[in-house]
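Structure, as structure tokens:
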Amino acid sequence: MSPNPTQYAFGMIGLGTMGRNLLLNMADHGFAVAGYDKNQKQVDLLGQEGQGKPVQGFTDPAAFVHSIKTPRAIMMLVPAGAIVDSVIAEMLPLLSPGDILIDGGNSHFTDTERRAKDLESKGFHFFGMGVSGGEEGARFGPSMMPGGDAEAYKTMQPVFEAIAAKVDGAPCVAYMGPGAAGHFVKMVHNGIEYGLMELIAETYGLLKNGLEMDNAAIGQVFAGWNEGRLQSFLLDITKDIFAFDAPGTDHLLLDDIKDEARAKGTGKWTSQEAMNLQAPLPTVDTAVSMRDLSKYKELRGQLAQLYPTADASLAVDRAAFLASLEQAFYFSMIMAYAQGMHMLAKASEEYKYELDLATIAKIWRGGCIIRSTFLNDIFNAFQNDKGLAHLLLDGAVQQLVLAAAPGVRTVVAAAVATGLAVPAYTSALGYFDAFRTARLPSNLIQAQRDYFGAHTYELIGKEGVFHTQWTGLRDKVETSAGTHANQTPATPPVPSTKQSNTEPANPKL
């Protein structure tokens, strides 16, 4: 289609896989759209794939901007970080106040907050939107998580609802909340994704090394699981991977791939922010660490020689263990989702996002990478109780967890006894066991912190913050609550309810 000034309803900056396919998706739904990329090859590819559709590519930024109807709506799908800022700087002189800019990449939520404030001060509308689904999702229906400028989103809502994935007729897109809520939700989505992928990888390791199954049998396990309650996008693609031979060979391409996992950083961001929010996320943390550990292949090879495993095979009944493994995966999958949803609840409270966890689960059911049958259970849990503090408090989820718990205990015990690494499974079980413990041994940690750093502690059934002089004669102990019976009168008590100057932070830490 030849360019025609003010012809196009929407513009896309960045014509890589995601940007190009989203544009083609919009064109399929009757929207006239324009795309811009500095790379002529990307523009040419858009022209080839969009032949006969209302879509046009540009390498000239001014021509691109001027071709879009005003007020303009332009989306960026470029790598996160400084590139986003450089694109904004390039576009602003060509735009007019009132135009809408959308960041559809995986930007860190703090960058989105900063950009929103800056652009709002200059008269522009801006919002960040997480987009999940990969190449296929972008082309035929992604899950989208917009947040920020609510009025700007309302302008774009008909377009995004048209191109989004649909589940039971409902589009997998919804306004998340103010500020950087959209990008925050997408970040947590990606963290959960890391956890699920690590669990699948550890399952593969157990099947291959523990049960000594061949690739065909392993593929059958994943395919069978994907037909039941574990049905998910990630298992669906995993079964396909176990059916894909390397070109020109009679063996799987998987067997030729180096065992070093890469990452773009969103999982790390999730772990970092979870620690800031004090929202425990051990399964995601473990997944991030395991990707890092995998990169030390040469060192791993050296350590394998120094610490060999005598026999990594599991001395178990295969059929019974596979049944337990299915339970273990289901249990650990629930924990990964539960950790992510709890983090979203904490962030909503901290950042005033007003997140609706039921809505988030609803739009994750289709189009996105972590879509699964279990998301219906998550949706029902938070739909039935909007104030649900944690997914594990839901009665229906409780029954699922209790039924699957024996399986994960069997699998973890067998793997640990044999020397097979299952850190994500172990972290999921540890998270559950710790969270269901009414009294943790953390009181000892507080005593130790007060001993070496005068960091104070709180007492059961007594108001205030306390500190003890633990050193000196062991039979002379002072606390802010008073003097012990065996204390000598010569030792004065420590002032009560005054926190040590050495640590002004929350004494509960």
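The values are calculated or read from the model by the stated rules, or taken from the named source; none is laboratory data. Worth saying up front: this structure is predicted, and the values here are computed from it rather than measured. For neighbour counting, all protein chains shown are included, and Cβ atoms are generated from backbone atoms with ideal geometry for every residue, glycine included. Please note that ligands, DNA and RNA were not included when accessible areas were found on the heavy atoms of the full protein model with its side chains. Shrake-Rupley method; radii C 1.70, N 1.55, O 1.52, S 1.80 Å.
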query: Around Leu24, what is the net charge, scoring Lys/Arg as +1 and Asp/Glu as -1 over all other residues with Cβ under 13 Å from its Cβ?
result: -1
- prompt: Which one of Gly123, Ser294, Gln42 has its Cα pushed farthest toward the positive end of the charge dipole of the chain, where Lys and Arg give +1 and Asp and Glu give -1 at the Cβ?
  reply: Gly123
field: Exposed GluC sites (Glu not before Pro) absent - longest run of the chain, DSSP non-H/G/I/E/B, at most 12 other C-beta within 10 Å
entry: 1-211
- prompt: Got the relative contact order for the range 160-228 handy, in percent, Cα pairs under 8 Å and 6 or more residues apart?
  reply: 13 percent
- prompt: For helix 395-418, what angle does its Cα long axis make with the longest principal axis of the chain, in degrees from 0 to 90 and rounded to 10?
  reply: 70 degrees
statement: Heavy-atom accessible area of the chain with neighbours in place, 1.4 angstrom probe: carbon+sulfur share in percent works out to 55 percent
field: Calculated percent of Cα pairs over 32 Å apart (choose from (1) 43; (2) 37; (3) 52), label
entry: (3)
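Using only helices, what value at 222 nm comes out for the chain when you add -39,500 (n - 2.57) per DSSP H run of length 4 or more and divide by the total residues, to the nearest 500 deg cm²/dmol? Spell out each step's value before the answer.
Details: 19 runs with 253 residues, N = 509.
Taking each H run of at least 4 residues, the total per residue is -16000 deg cm²/dmol.
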message: To test your reading of the geometry: what angle, between 0 and 90 degrees and rounded to tens, separates the Cα axis of helix 266-277 from the longest principal axis of the chain?
response: 40 degrees
message: Quick check for you: with a 1.4 Å probe and neighbouring chains kept, what is the accessible area per residue of the range 408-466, in Å²?
response: 55 Å²
message: Using only Cα atoms and rounding to the nearest 10 degrees, what angle (0 to 90) does helix 374-384 make with the longest principal axis of the chain?
response: 80 degrees
- line: If every Lys and Arg gets +1 and every Asp and Glu gets -1 at its Cβ, then about the Cα centre the range 139-290 yields a dipole, in debye to the nearest 20, of 560 debye
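Work out the length of the dipole vector of the chain about its Cα centre, built from +1 on the beta-carbon of each Lys and Arg and -1 on the beta-carbon of each Asp and Glu, and round it to the nearest 20 debye. Before the final figure, lay out each step's value.
Numbers: 41 positive and 54 negative charges, 172 e Å.
Computed about the Cα centre, the dipole is about 820 debye.
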Signed unit charges on C-beta, dipole axis of the range 360-483, positive-most listed residue Gly430, Cys368, Pro441: Cys368
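Over the range 345-400, what is the relative contact order in whole percent, taking alpha-carbon pairs under 8 Å and six or more residues apart?
With pairs under 8 Å counted, the relative contact order is 27 percent.
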- line: Its Cα gyration tensor gives the range 306-373 an equivalent ellipsoid whose semi-axes in whole Å, largest first, are 37, 17, 10
message: Classify the range 232-335 from the C-alpha gyration tensor, please: rounded if a/c falls under 1.5, else prolate or oblate depending on whether a/b exceeds b/c.
response: rounded
task: Could you let me know the centre-to-centre spacing of the range 270-344 and the range 92-115, using Cα atoms, in angstrom?
output: 36 Å
message: Straight-line reach from Lys362: which aspartates and glutamates fall under 18 Å, measuring Cα to Cα and dropping same-chain residues less than 8 apart?
response: Glu161, Asp168, Glu193, Glu354, Asp377, Asp385, Asp394
message: Quick check for you: with a 1.4 Å probe and neighbouring chains kept, what is the accessible area per residue of the range 271-403, in Å²?
response: 47 Å²
message: Rounded to the nearest 20 debye, what is the charge dipole size of the range 393-466 about its Cα centre when +1 sits on each Lys and Arg Cβ and -1 on each Asp and Glu Cβ?
response: 160 debye
query: Taking only the alpha-carbon positions of the range 1-87 and ignoring solvent, what does the Debye formula give for the base-10 log of I(q)/I(0) at q = 0.12, 0.13, 0.21, 0.23 Å⁻¹?
result: -0.29, -0.34, -0.92, -1.11
message: Pairs of alpha-carbon atoms within less than 8 angstrom and 6+ residues apart define the contacts here; what relative contact order does the chain have, in percent?
response: 11 percent
